[in-house]
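Below is one structure; the comments refer to it alone.
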Amino acid sequence: MRLQGLDIARGMAIVFMVLFHFCFDLDNFGYVDFDLKHGDFWKYFRYFIVSIFILLAGISAQITHKNGIDSKKNV
């Protein structure tokens, strides 16, 4: 059973992570000057991305284990 909202949230989390790493690379190679290590926005943006991934993993695990796992079904 696929939940469209959960898939959309996963996709958004991936987009946020790609955006953060793109900005990190731009800063690292000297194209822009972001304060990625100490800036409040970037710090909370990192926390937000990590929290979303952990939350979604927990939700996915809960949905998977709700009815029990049939390990032979996936073989």
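Laid out as a table, the results:
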read-out	value
Rounded to whole Hz, the Karplus (6.51, -1.76, 1.60) HN-Hα couplings of segment 42-52, x for glycine and proline	5, 5, 6, 5, 4, 4, 4, 4, 4, 4, 4
Net charge contributed by nearby residues that have their C-beta within less than 13 Å of Ile54 (K/R +1, D/E -1)	+2
Proportion of all alpha-carbon pairs of the chain beyond 17 Å (%)	57
Over the chain: helical MRE at 222 nm, DSSP H runs n ≥ 4 each giving -39500 (n - 2.57), nearest 500	-24500 deg cm²/dmol
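Here, each number is a calculation from the coordinates, and none is a lab measurement. Given the structure is predicted, the values throughout are model-derived calculations rather than measurements. Positions of Cβ are generated from backbone atoms using ideal geometry, with glycine treated the same way; all protein chains shown enter the neighbour counts.
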